[in-house]
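Let me begin by presenting the structure, written as structure tokens, before commenting on it.
The values are calculated or read from the model by the stated rules, or taken from the named source; none is laboratory data. As the structure is a prediction and not an experimental result, all values here were calculated from the model. As a convention, Cβ positions derive from the backbone with ideal geometry for all residues, glycine included, and neighbour counts pool all protein chains shown.
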Amino acid sequence: MKDPLPLHDFHVHKLSILTHRSHGLIHSIALAFLIYYRASFLFQDPKTRESPTLPWVLVFASELLLSFIWLLGQAYRWRPVTRTVFPERLPEDDKLPPIDVFICTADSNKEPTVDVMNSVLSAMALDYPPEKLHVYVSDDGGSPLTLHGMRESWRFARWWLPFCTRYGITTRCPEAYFSALEEEEDDGGSEFKIHRQKIKEKYEMLKESITKVKGGGSTRDHPSIIEVIQANDTSDTVQGDQSKMPLLVYVSREKRPSHPHHFKAGALNVLLRVSSMISNSPYVLVLDCDMHCNCPTSARQAMCFHLDSTISPSLAFVQFPQRFHNISKKDIYDRQLRSLFSVQWPGLDGLKGPILSGTGFYIKRVSLCGGTIQEDTDNLEELRQSFGLSNELIKSLHRNCKPNLINDQHRFLKETQLLASCTYESDTRWGKEVGFLYASVTEDYLTGLTLHCKGWTSVYHDPPWPQFLGSCTTNLNDLLIQGTRWSSGLLEVGLSNFSPLIYGPPRMSLLESMCYGELAFSPLCFLPLWCFATIPQLCLLNGIPLYPKVSNLYFLAFMFIFLSSLAKHLYEVLLTGGSLQTWRNEQRIWMIRSVTSYLYGSLDAIMKKIGMREASFLPTNKVTDDEQVKLYQMGKFDFQTSNMFLVPMVAVIILNMASFVGGLVRVIFVGNGDKMFVQVFISFYILIINFPIVEGMMMRKDKGRVRSSATLLSAMFSAIYLFLGSIILLC
Ligand SMILES: O=c1ccn([C@@H]2O[C@H](COP(=O)(O)OP(=O)(O)O[C@H]3O[C@H](CO)[C@@H](O)[C@H](O)[C@H]3O)[C@@H](O)[C@H]2O)c(=O)[nH]1
Ligand SMILES: [Mn+2]
């Protein structure tokens, strides 16, 4: 028999591989020269040394750490691939497997219900047989507003879904669809337009009925509520909407202050259990409430991988990139996460597959609920220790088990209440080996890591038309808070038993472990960046050289490393559709995040490790402030953030202003430009790249400027640092 046509194809980027690898090689050679230069200083006779040991060692250690993280990052560049799919070759609809969609929301104050409902509606409208689609919403806030919103959305969906299929609408998130319409001129008339107008009115009514309900909020003390949303009156069951609808289920797990709830991972695990009583679909799509389906085709695209028998036995998940609808043209905060989704993930895809990215992935249920691949056990006692006491749940683990609990209301309620209770997981392996894991607030990263270590693979699929669109943080404050949480979660894994460089290599390839390692340890960049922003400056003002003279041959090595890393970054930016501006923005935000988020995230992770802090997951704020959005659109930094973030940034800038001016004066009067060139240049470069901070301090008058109180405090810190630092250097 002839082999069926393949469902997907991939392309290895040979040219990229060649450039990446040859650059890596040349850059490493230059690094070797640097290391030799630094190390040989330490073997010199202390009496003849020109510089004190301490700053030298600090700068050397920083260079080593940064080089190490760079080296880990080369693994992403080893073998990048891209993929294409052929959904038209999929089997008939009746042969497609069922899918459960999980959407998490946590707080109706920070996550506006209308937006959450838009995500829900876009998921219900996926292009997939409706009887095979089940949408579950986890509401961690236990807010009546969300439940109300879902009932209303369900009613609206009876109009919206048939409308979308009938006219082949591709934007199935109602808000996105209707706001795009506003720009289009309307000449009215045709049957379609009349129909559309009617739907639009219904949508407006839906929004109104949600926004008029007050209250809600989020609590940490509430019982579980599980409700399958159904029509409770027949009045709106008119018209041709008898057509099938996907199942919609509201789940709010029980939460008590005395029980840890493990944030999003905890919520997803409850959904895994509750859904196994209702639909138990073999595949699960996970979405954040701030992310909607921009295209209805993602489910079929994902099935092109999951249904390909050559890769499916070991395939755990298909990851789509996170793309955002609210990114401004200038994207000063690098919110498109370009490097992650355009360089790193395609690179991982050429190894064993991308890291789980929290949202926008289709995962195989057994990969979360089984041990290693195809290792089935029938030992009831063992199963109970892993999965808890529910026999129904254990029954559902058997492949092809079709749950029928939903027809028996009483048993259904009893069982799901049990599964969603906050004590169900006590003394089980949930969160430790089963489901989404709890040991890190970046549950996605940790869960992906353990899946890959068990031998599962994943696939990255980045079609030209984004399948999912989220809303990203659009101001510095939210960005830094989120960055702190991510850094903390990543380093938490780096410091745990799952540390990728130790736990990884015996279980997965070295290259894949290096990629995981690069992410886990990237928060540690705070150390080298803090050093580079303060040590050469202090030494410059004290006339101590830390770098080779311009006339020295080793100067070439330093210059080469600097230029080579900037040029390589620029090359990658341009290759992935960015511009010179993108390059500068990314350089800048990397520095800003290193001295703030990375620092605080790392401290947080270390404090959690030694038991001085509890884990916390502050969801990002999704309510927008018009003035802040305006600043963001204009590409102006919004410095309305706490002193905790603002002061380190500004203090570094003030220090560099001082050292640049002081250094120049010194060079002019003392005339040792040859020796001090690099240090003057470092300050200059930091100031040029971070010019918006200088501007925010000295030139802006608007609300987003740097507060003068913060500038004052920062100046004080810089002065104290210079004073104490100079004393230490002189001793
Ligand atoms: O206790 C909680 C906290 C959060 N969430 C939900 O988790 C999702 C992600 O939260 P968000 O505030 O949007 O955080 P982000 O930093 O934007 O999330 C990114 O980073 C997370 C890991 O830190 C991943 O889980 C996400 O998928 C990824 O988009 C949202 O749907 C929340 O409602 C819960 O369900 N329960
Ligand atoms: Mn988010």
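Kindly establish whether S714 is assigned to a helix (DSSP H, G or I), of a type in the set (S, T, N, Q) and at pLDDT below 95. Give the derivation first.
On the way: assigned to a helix (DSSP H, G or I): yes; of a type in the set (S, T, N, Q): yes; at pLDDT below 95: no.
The answer is no for S714.
Looking only at residues in region 246-272 that are within 16 Å of ligand 2 (Cβ to nearest atom) and closer than 15 Å to C289 by Cβ, which one is surrounded by the fewest Cβ atoms within 10 Å (Cβ to Cβ)? Steps first, please.
So the first thing to find is which residues in region 246-272 are within 16 Å of ligand 2 (Cβ to nearest atom), and the list is 263-265, 267-268.
Still in the list and also closer than 15 Å to C289 by Cβ: 263-264, 267-268.
Numbers: F263: 20, K264: 23, A267: 25, L268: 23.
In this case the residue turns out to be F263.
So, in region 629-642, how many residues would count as being surrounded by 18 or more Cβ atoms within 10 Å (Cβ to Cβ) and in contact with a helix residue (DSSP H, G or I) (Cβ under 9 Å, 6 or more places away or on another chain)?
Residues of region 629-642 surrounded by 18 or more Cβ atoms within 10 Å (Cβ to Cβ): 631-632, 636-641.
Among the residues that remain, those that are also in contact with a helix residue (DSSP H, G or I) (Cβ under 9 Å, 6 or more places away or on another chain) are: 636-641.
Here the count works out to 6.
Just for region 275-305: of the residues that are among the aliphatic types (A, V, I, L, M) and at pLDDT 95 or above, which one is nearest to ligand 2 (Cβ to nearest atom)? Please lay out each step first, then the result.
Initially, region 275-305 is screened for residues among the aliphatic types (A, V, I, L, M), giving 277-278, 284-287, 291, 299, 302-303.
Next, from what is left, pick out any that are at pLDDT 95 or above: 284-287, 291, 299, 302-303.
On the way: V284: 19, L285: 16, V286: 13, L287: 10, M291: 7, A299: 22, A302: 21, M303: 26 Å.
Only one residue tops the list, namely M291.
Taking into account only those residues within region 599-628 that are within 16 Å of ligand 1 (Cβ to nearest atom) and β-branched (V, I, T), which is surrounded by the most Cβ atoms within 10 Å (Cβ to Cβ)?
That would be T620.
From the list V550, V573, exactly one residue is part of a loop (DSSP other than H, G, I, E, B) and among the β-branched types (V, I, T). Which is it? Walk me through it before giving the result.
Details: V573 fails: part of a loop (DSSP other than H, G, I, E, B).
None of the others qualify; the one that does is V550.
Return the total of residues in region 316-365 being in a loop (DSSP other than H, G, I, E, B) and not basic (K, R). Explain how you work it out, then say what you get.
Initially, region 316-365 is screened for residues in a loop (DSSP other than H, G, I, E, B), giving 320-322, 325-337, 350-360.
Among the residues that remain, those that are also not basic (K, R) are: 320-322, 325-328, 331-334, 336-337, 350-351, 353-360.
Total satisfying the criteria: 23.
Picking from P321, P346, which residue would you name as being touching a residue at least 24 places away in the same chain (Cβ under 8 Å), touching a helix residue (DSSP H, G or I) at 6+ places or on another chain (Cβ under 7 Å) and within 20 Å of W465 (Cβ to Cβ)?
Working: P346 fails: touching a helix residue (DSSP H, G or I) at 6+ places or on another chain (Cβ under 7 Å).
Unique residue meeting the criteria: P321.
Picking from L510, L479, which residue would you name as being crowded, with 22+ Cβ neighbours inside 10 Å and at negative phi?
Working: L510 fails: crowded, with 22+ Cβ neighbours inside 10 Å.
Of L510, L479, the one residue that is crowded, with 22+ Cβ neighbours inside 10 Å and at negative phi is L479.
Which condition breaks for T624 when tested against (1) within 16 Å of ligand 2 (Cβ to nearest atom); (2) in contact with a Lys or Arg (Cβ under 9 Å, 6 or more places away or on another chain); (3) assigned to a loop (DSSP other than H, G, I, E, B)?
Only one criterion is unmet by T624, namely (2).
Taking the options S309, S275, S339, name whichever one is surrounded by fewer than 24 Cβ atoms within 10 Å (Cβ to Cβ) and touching a residue at least 12 places away in the same chain (Cβ under 8 Å).
Sole residue among the options that is surrounded by fewer than 24 Cβ atoms within 10 Å (Cβ to Cβ) and touching a residue at least 12 places away in the same chain (Cβ under 8 Å): S339.
Does L724 meet the test of being touching a helix residue (DSSP H, G or I) at 6+ places or on another chain (Cβ under 6 Å), assigned by TED's automatic domain parsing to the domain that holds Q537 and surrounded by fewer than 17 Cβ atoms within 10 Å (Cβ to Cβ)? Steps first, please.
Values: touching a helix residue (DSSP H, G or I) at 6+ places or on another chain (Cβ under 6 Å): no; assigned by TED's automatic domain parsing to the domain that holds Q537: yes; surrounded by fewer than 17 Cβ atoms within 10 Å (Cβ to Cβ): yes.
No; evaluated as a whole, the condition is false for this residue.
Which residue, of G455, G470, G494, G489, is crowded, with 20+ Cβ neighbours inside 10 Å, of a type outside the set (D, E, K, R) and more than 11 Å from ligand 1 (Cβ to nearest atom)? Outline the logic, then answer.
On the way: G455 fails: crowded, with 20+ Cβ neighbours inside 10 Å; G470 fails: more than 11 Å from ligand 1 (Cβ to nearest atom); G489 fails: more than 11 Å from ligand 1 (Cβ to nearest atom).
Going through G455, G470, G494, G489 in turn, the sole match is G494.
Would region 219-230 turn up any residue that is of a type in the set (A, V, I, L, M), under 17 Å from S119 (Cα atoms), modelled with pLDDT of 80 or more and touching a Ser or Thr at 6+ places or on another chain (Cβ under 6 Å)?
Taking region 219-230 first, the residues of a type in the set (A, V, I, L, M) are 225-226, 228-229.
Right, trim to under 17 Å from S119 (Cα atoms) and you get 229.
Right, trim to modelled with pLDDT of 80 or more and you get 229.
Of the ones still in play, those that are also touching a Ser or Thr at 6+ places or on another chain (Cβ under 6 Å) are none.
So far as region 219-230 goes, no, none of its residues is of a type in the set (A, V, I, L, M), under 17 Å from S119 (Cα atoms), modelled with pLDDT of 80 or more and touching a Ser or Thr at 6+ places or on another chain (Cβ under 6 Å).
Confirm whether F558 is in a helix (DSSP H, G or I) and under 30 Å from the mean Cα position of the chain (by Cα). Spell out the reasoning first.
Working: in a helix (DSSP H, G or I): yes; under 30 Å from the mean Cα position of the chain (by Cα): no.
Taking the combined requirement at face value, the residue does not satisfy it.
Let me spell it out: the conditions are (1) away from ligand 1 (no atom under 14 Å from the Cβ); (2) touching a residue at least 40 places away in the same chain (Cβ under 8 Å); (3) over 24 Å from C164 (Cα atoms), and Q301 meets all of them except one. Which number is the exception?
Single failed check for Q301: (3).
Taking region 12-55, which residues are of a type in the set (A, V, I, L, M), free of Cβ contacts under 8 Å to residues at least 40 places away in the same chain and either over 26 Å from G543 (Cα atoms) or not assigned by TED's automatic domain parsing to the domain that holds F558 (or both)? Before you say what the answer is, go through the steps one by one.
Residues of region 12-55 of a type in the set (A, V, I, L, M): 12, 15, 17-18, 25-26, 29-32, 34-35, 39, 42, 54.
With free of Cβ contacts under 8 Å to residues at least 40 places away in the same chain added as a condition, the list becomes 15, 18, 25, 29, 32, 35, 39, 42.
Listed by number, the residues that qualify are L15, L18, L25, I29, A32.
Can you tell me which of E492, E518 is among the acidic types (D, E), assigned to a helix (DSSP H, G or I) and touching a Leu at 6+ places or on another chain (Cβ under 7 Å)? Full working, then the answer.
On the way: E492 fails: touching a Leu at 6+ places or on another chain (Cβ under 7 Å).
That would be E518, the only listed residue that is among the acidic types (D, E), assigned to a helix (DSSP H, G or I) and touching a Leu at 6+ places or on another chain (Cβ under 7 Å).
Being modelled with pLDDT of 95 or more and buried (at least 22 other Cβ atoms within 10 Å of the Cβ): is that true of F560 here? Can you show your working first?
On the way: modelled with pLDDT of 95 or more: yes; buried (at least 22 other Cβ atoms within 10 Å of the Cβ): no.
Here the answer is no, as F560 does not meet what is asked.
Go through S616, S594, S602 for me and flag whichever is under 30 Å from V493 (Cα atoms), of a type in the set (S, T, Y), in a loop (DSSP other than H, G, I, E, B) and not assigned by TED's automatic domain parsing to the domain that holds T19. Don't jump to the end; show me each part of the working.
Working: S594 fails: in a loop (DSSP other than H, G, I, E, B); S602 fails: in a loop (DSSP other than H, G, I, E, B).
Sole residue among the options that is under 30 Å from V493 (Cα atoms), of a type in the set (S, T, Y), in a loop (DSSP other than H, G, I, E, B) and not assigned by TED's automatic domain parsing to the domain that holds T19: S616.
Is it the case that region 58-68 has a residue that's of a type in the set (S, T, N, Q) and either exposed (fewer than 12 other Cβ atoms within 10 Å of the Cβ) or touching a Ser or Thr at 6+ places or on another chain (Cβ under 7 Å) (or both)? Please lay out each step first, then the result.
Of all residues in region 58-68, those of a type in the set (S, T, N, Q) come to 62, 67.
Checking the rest, the ones that are also either exposed (fewer than 12 other Cβ atoms within 10 Å of the Cβ) or touching a Ser or Thr at 6+ places or on another chain (Cβ under 7 Å) (or both) come to none.
No, because not a single residue in region 58-68 is of a type in the set (S, T, N, Q) and either exposed (fewer than 12 other Cβ atoms within 10 Å of the Cβ) or touching a Ser or Thr at 6+ places or on another chain (Cβ under 7 Å) (or both).
Check off (1) without any contact (Cβ under 8 Å) to a residue 12 or more places away in the chain; (2) part of a helix (DSSP H, G or I) for K701 and give me the number that stays unchecked.
Of everything listed in (1) without any contact (Cβ under 8 Å) to a residue 12 or more places away in the chain; (2) part of a helix (DSSP H, G or I), K701 misses just condition (2).
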